[in-house]
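Chemist: Quick one: this structure, given as structure tokens, is what I'll be asking you about.
FYI, it's all coordinate maths here, none of it is from the lab. In this text the structure is predicted, and so the values were computed from the model without any measurement. Note: ideal-geometry Cβ built from the backbone for every residue, glycine included; neighbour counts use all protein chains shown.
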Amino acid sequence: MADSEEALNNFLVTFHATSAAMRCEKICQQSELDAHLRPVPRDISSSCGLALEVNEVVLCDLKETLNNSDIDVEALYFCRDDEFVELEL
Amino acid sequence: MAFIYLDNAATSHPRPRPVVEAVSRYLNELGASPGRSGHRPSLESGRLVLETRELAADFFCASSVDNVIFTANVTGALNIALKGYLRPGDHVLTTPFEHNAVLRPLHRLQEERNIEIDYLPVDSFGSIEREDFEHLLRENTSLVVINHASNVTGAVLDILPLSEWCGEYNLPLMVDAAQSAGSFDFPWEKLDAQFLCFTGHKGLMGPPGTGGMIIDPEMVERTKSFIEGGTGSKSDQLTQPQVLPDKYEAGTMNTAGIAGLNAAFKYLADKGLERIIEKKKRLTESLCRGLEDIPGIELLGPGPGERRTSTVSITWSEGDTAELSVKLDREYDIMTRSGLHCAPLAHKELGTYPRGALRFSTGHFNTEDEIDRTLAAIKEILG
């Protein structure tokens, strides 16, 4: 169960602007972190229409990477059973 | 049509093949609007725009990618910057060598917002004296806006000292880099400018309809947006987002053009900007020396061997340079530009108002043979 949960891209990072979302995706690609841009689910309120979905393992590395960049992240959500819970960044 | 194109100060021609192919590839294969939909072609368009922003940020040594704002052209960037930044009653310092892209917005702001304008004396070689600068400063001076290189004479402004003086007085500096970017070797990392406005389709050899502004983040709060509209962000709100770059990029951008600009930056890096500039310098030098030797022809601005862009303007003591331009076009297939070059005050300073001058501007794809043929044509016309 733990392995399959780790593999699930059930964390969603949202941004203030599309440019930030795209920059974040690029950083992930350059660091070989598996991350995918997708439209923000309607149940989440976000400034920018794109969100980055990642799994738990990638999220740890991503947080560290974001701390060393000037990319502004808006919020972080955890998704389970089609419900989104906002987490502390 | 085979002709000798010497009007690169207006727009570069031809453009590098990769630029043309990149525009075509975007229109044929990708086509989607960046930053709007979440589907894969839209995301790929967004990645293309981001990469181009990064290339521009690298070229101009911007502190952050998000400080690169894309506009339709340098005129658009200057309008955003001037009309967004200046407040009623502000005092602005500029020069007589500005293009109408600066002069006309300033003129309108003078009428509508009572801004006051003073013109820094600049000699035709691009030098400004510190004493003149300090003499014109007032308590309400809020901005210095400067043409980096004259589109009439090719003279390059000695801008680094001026940017230091502006720093000492905590005065924002706005630079019109329309004629300088990609035209001569310049250490952008040393320039402390709060607004750097550039065009994509002249020295950078990108497509028309591209350009932008590198804005200092400290200027963003004060500089109001010019156009409000869709940005793909904060869509639930009726106010324009204040985050960069969205604040100044409402509406669908010229993604096809940006694809071409992307290829242009890569072309310059691949071929070596220094080599490109060196070739233009050689061609311009040949043209200058040749023109100087023709009786009745007078060069404006810097002479051969002096610092300049690849723009050279001349007057003709025996006749109308507009007629010369027409003959060069119709009888010799040589393209030049006569008139006031959208820089009326520059011509007043040079003593060539209202008749104007004839401008030649070499580009990366011109050849020595074309320069020789141009000089021969002029001699033939002048008899």
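Chemist: Under a point spin-label approximation (7 Å from Cα along Cα-to-Cβ), what is the residue B:289-residue B:270 distance to one decimal in nm?
Modeler: Computed distance between label sites residue B:289 and residue B:270 equals 3.3 nm.
Chemist: Now, a different point. Rg/Rh for the range B:215-321: what does it come to with C-alpha atoms and Rh from Kirkwood? Walk me through the numbers on the way to the answer.
Modeler: Details: Rg = 22.8 Å, Rh = 18.6 Å.
With Rh from the inverse mean 1/r over Cα pairs, Rg/Rh is 1.23.
Chemist: Mind checking the range B:121-193 for trypsin sites (Lys or Arg not before Pro) that DSSP puts in a loop (not H, G, I, E or B) and that have at most 11 other Cβ atoms within 10 Å? Numbers along the way, then the final one.
Modeler: Values: sites: B:130, B:138, B:190; in loops: B:138.
Passing sites in the range B:121-193 are B:138.
Chemist: On to the next question. Can you tell me how much longer the chain between residue B:2 and residue B:379 gets when fully stretched, taken as 0.36 nm per residue apart minus their C-alpha distance, in nm with one decimal? List each step's numbers first, then the result.
Modeler: Working: separation 377, 0.36 × 377 = 135.72 nm, distance 2.14 nm.
That works out to 133.6 nm of additional length.
Chemist: Roughly how many debye, to the nearest 20, is the charge dipole of the range A:20-89 about its Cα centre, given +1 on each Lys and Arg Cβ, -1 on each Asp and Glu Cβ, and no other charges? Intermediate values should be presented prior to the final figure.
Modeler: Numbers: 6 positive and 16 negative charges, 56 e Å.
The dipole magnitude comes to about 260 debye.
Chemist: Find, among the GluC sites (Glu not before Pro) in the range A:43-73, those assigned to loop by DSSP (not H, G, I, E, B) with at most 11 other beta-carbon atoms within 10 angstrom.
Modeler: On the way: sites: A:53, A:56, A:64; in loops: none.
Counting only loop positions with at most 11 other Cβ atoms within 10 Å, none of the GluC sites (Glu not before Pro) in the range A:43-73 qualifies.
Chemist: Something else now. Remind me, what semi-axes does the range B:78-165 give for its equivalent ellipsoid, largest first in whole Å, using sqrt of 5 times each Cα gyration tensor eigenvalue? Please report the intermediate quantities before stating the final value.
Modeler: Numbers: eigenvalues 89, 49, 20 Å².
Equivalent ellipsoid semi-axes, largest first: 21, 16, 10 Å.
Chemist: Could you give the nm distance between label points at residue B:39 and residue A:68, where each point is 7 Å from its Cα heading toward the beta carbon?
Modeler: 3.8 nm
Chemist: Need the C-alpha centroid separation for the range B:298-327 versus the range B:176-252, integer Å.
Modeler: 33 Å
Chemist: So what is the relative contact order of chain B, in percent, for Cα pairs below 8 Å that sit 6 or more residues apart? All intermediate terms of the calculation are to be shown ahead of the outcome.
Modeler: Working: 751 pairs, mean separation 89.6, N = 383.
This gives 23 percent for chain B.
Chemist: Highest mean first, what order results for B:223-231, A:65-73 on Cβ atoms within 10 Å?
Modeler: Details: B:223-231: 17.3, A:65-73: 14.7.
Per-residue mean Cβ counts within 10 Å order the peptides as B:223-231, A:65-73.
Chemist: Let me ask something additional. Going 7 Å from the Cα of residue B:228 toward and past its Cβ, which residues in the range B:234-252 have a backbone nitrogen under 12 Å from where you end up?
Modeler: The answer is B:237-242.
Chemist: Determine the principal axes of the Cα atoms in the range B:20-69, then give the extent along each, sorted from largest to smallest and rounded to whole angstroms.
Modeler: Result, largest extent first: 32, 27, 13 Å.
Chemist: If you don't mind, another one. Using only alpha carbon pairs under 8 Å that are at least six residues apart, calculate the relative contact order of the range B:112-244 and give it in whole percent. If you can, show how the numbers build up before the last one.
Modeler: On the way: 164 pairs, mean separation 20.8, N = 133.
Relative contact order of the range B:112-244: 16 percent.
Chemist: While we're looking at this one, here's another question. In nanometres, what is the gap between the two model label sites at residue B:135 and residue B:17, each 7 Å from Cα along Cα-to-Cβ?
Modeler: Simple spin-label model gives 5.6 nm for this pair.
Chemist: What are the lysines whose alpha-carbon lies under 20 Å from the alpha-carbon of residue A:63, with same-chain residues fewer than 8 places away excluded?
Modeler: Partners within reach: A:26.
Chemist: Taking the Cα centre of the range B:234-341 as the origin and placing charges on Cβ (Lys, Arg +1; Asp, Glu -1), which of B:301, B:254, B:334 is farthest toward the positive end of the dipole?
Modeler: B:254
Chemist: Then there's this: Pick out, in residue order, every one of the GluC sites (Glu not before Pro) in the range B:63-161 that is DSSP loop and has at most 12 other C-beta atoms within 10 Å; say none if there are none. Intermediate results must be reported in sequence, preceding the final value.
Modeler: Working: sites: B:98, B:111, B:112, B:116, B:129, B:131, B:134, B:139; in loops: B:98, B:129, B:139.
Listed in order of number, the matching sites are B:139.
Chemist: Counting only pairs 8 or more places apart or on different chains, how many lysine pairs in the range B:245-383 have C-alpha atoms closer than 30 Å?
Modeler: Lysine pairs, 8 or more places apart or on different chains, close enough: 18.
Chemist: Let me ask something else. Projecting each Cα onto the charge dipole of the protein assembly as shown (Lys/Arg +1, Asp/Glu -1 at the beta carbon, about the Cα centre), which of B:37, B:133, B:100 comes out farthest on the positive side?
Modeler: Going by the Cα projections, it comes out as B:100.
Chemist: Another question, if that's okay. Between the range B:58-97 and the range B:344-383, what is the separation of their alpha carbon centroids in Å?
Modeler: Result: 30 Å between the Cα centres.
Chemist: Same structure again: Counting helices only, and only those DSSP H runs with n ≥ 4, report the 222 nm mean residue ellipticity of chain B as the sum of -39,500 (n - 2.57) divided by its residues, in deg cm²/dmol to the nearest 500. Display every interim value, and only then the final one.
Modeler: On the way: 12 runs with 148 residues, N = 383.
Taken over chain B, the calculation gives -12000 deg cm²/dmol.
Chemist: Now for a different question. Can you work out the Karplus-derived ³J(HN,Hα) for every residue in the range B:132-139? Use 6.51 cos²θ - 1.76 cosθ + 1.60 with θ = phi - 60°, whole Hz, and x for glycine or proline.
Modeler: Listing the rounded values in order: 5, 4, 5, 5, 8, 5, 10, 5 Hz.
Chemist: How big is the range B:164-264 on each of its three principal axes, counting only the C-alpha atoms and giving the largest first in Å?
Modeler: Cα spread of the range B:164-264 along its principal axes, largest to smallest: 45, 37, 17 Å.
Chemist: Semi-axes of the equivalent ellipsoid of the protein assembly as shown: what are they in whole Å, largest first, if each equals the square root of 5 times a C-alpha gyration tensor eigenvalue? Mind dumping the intermediate values first?
Modeler: Details: eigenvalues 430, 135, 61 Å².
Semi-axis lengths for the protein assembly as shown are 46, 26, 17 Å.
Chemist: A follow-up question, please. Can you give the charge dipole size of the range B:4-140 about its Cα centre, rounded to the nearest 20 debye, using +1 on the beta carbon of Lys and Arg and -1 on the beta carbon of Asp and Glu?
Modeler: On the way: 14 positive and 20 negative charges, 178 e Å.
Charge dipole of the range B:4-140: 860 debye, to the nearest 20.
Chemist: How long are the semi-axes of the equivalent ellipsoid of the range B:1-106, defined as square roots of 5 times the Cα gyration tensor eigenvalues? Whole Å, largest first.
Modeler: Taking √(5λ) for each eigenvalue gives 31, 23, 13 Å, largest first.
Chemist: Now for a separate question. Per-residue Cβ counts within 10 Å, from other chains only, averaged over B:39-52: what number is that? Don't skip to the end; give the middle numbers.
Modeler: Numbers: counts 2, 1, 0, 5, 9, 0, 0, 7, 5, 1, 3, 7, 2, 0.
Mean shielding by partner chains, rounded to a whole number: 3.
Chemist: Using only the Cα atoms, what convex hull volume per residue in Å³ does chain B have?
Modeler: On the way: hull volume 51.3 nm³, N = 383.
So the per-residue hull volume is 134 Å³.
Chemist: Give me the dipole magnitude in Debye, nearest 20, for the protein assembly as shown about the Cα centre, with unit charges on the beta carbon: positive for Lys and Arg, negative for Asp and Glu.
Modeler: Dipole magnitude for the protein assembly as shown comes out near 1620 debye.
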